[in-house]
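Data first, discussion second: the structure below is written as structure tokens.
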Amino acid sequence: MEQRISLVTLGVADVGRARAFYERLGWRGQEVEETVFFQAGGLALVLWGRDKLADDAGLTDSGGDGFGGLSLAQNVRSRAEVDEILHRAADAGATVTRPARETFYGGYAGCFTDPDGHLWEIAWNPGFPLATDGTLTVPELGG
């Protein structure tokens, strides 16, 4: 198996509501057969009905809070951008679960959940510089 991720699919209660939320953040999606696809750099974020996602995976859905031990993260270019995105997310209907603050690694980050409870971290990390196109490359960590 190659070391890469192509798609991240979020199981959502209402695809239309979820799409509207992400579009209020400035994202642009395409809907096909009740599934919304957002190009997100080198991968795609997908919104699909939670019940359909569970059924397709052969699983039983045990809850609707969206937290399954998974955090999505977006690294940004500045501390100000962290604050701006958290504010925009709250205005779009997110719940800010951790206001932006200094981090143990010398950065600045905060968290929010989307309307289905999926956790996002928005972080500025001076040790993980971004390319012009937003691509993150993990630096040599010496471990």
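The table below lists the values:
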{"quantity": "Amide proton proximity set for residue 9, modelled H, under 5 Å, gap of 5+", "calculated": "46"}
{"quantity": "Pairwise label distance in nanometres, residue 137 with residue 33, each label 7 Å out on the Cα-Cβ vector", "calculated": "3.7 nm"}
{"quantity": "Cα long-axis angle, helix 15-24 against the chain (0 to 90 degrees, to the nearest 10)", "calculated": "30 degrees"}
{"quantity": "Rough spin-label spacing in nm, given labels placed 7 Å along Cα→Cβ, for residue 128 and residue 98", "calculated": "1.3 nm"}
{"quantity": "The stretch 1-68 - accessible surface per residue (Å², probe 1.4 Å)", "calculated": "68 Å²"}
{"quantity": "Table column - 3J(HN,Hα) (Hz), the stretch 32-40, Karplus curve with 6.51, -1.76, 1.60, x for Gly and Pro", "calculated": "9, 6, 6, 10, 10, 10, 10, 5, 10"}
{"quantity": "Euclidean distance between Cα centres, the stretch 24-68 to the stretch 78-126, Å", "calculated": "21 Å"}
{"quantity": "Helix axis angle, 79-92 relative to the chain longest principal axis, alpha carbon, degrees", "calculated": "20 degrees"}
{"quantity": "The chain: antiparallel DSSP beta bridges as a percent of all, rounded to 5", "calculated": "65 percent"}
{"quantity": "Size of charge dipole - the stretch 43-133 - debye, nearest 20, with Cβ of Lys, Arg +1 and Asp, Glu -1, no other charges", "calculated": "320 debye"}
{"quantity": "Charge dipole of the chain about the Cα centre (unit charges at C-beta), most positive-ward option of 49, 20, 75", "calculated": "75"}
{"quantity": "Amide N proximity, the stretch 1-33 versus residue 56 label position 7 Å along Cα-to-Cβ, cut-off under 11 Å", "calculated": "8-12, 32-33"}
{"quantity": "Within the accessible area of the chain (1.4 Å probe), percent carbon and sulfur", "calculated": "52 percent"}
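The values are calculated or read from the model by the stated rules, or taken from the named source; none is laboratory data. Note that the structure is predicted; figures quoted are calculated from it, not measured. Note: ideal-geometry Cβ built from the backbone for every residue, glycine included; neighbour counts use all protein chains shown. Calculation scope for accessible area: heavy atoms of the full protein, side chains included, ligands and nucleic acids excluded. Shrake-Rupley method; radii C 1.70, N 1.55, O 1.52, S 1.80 Å.
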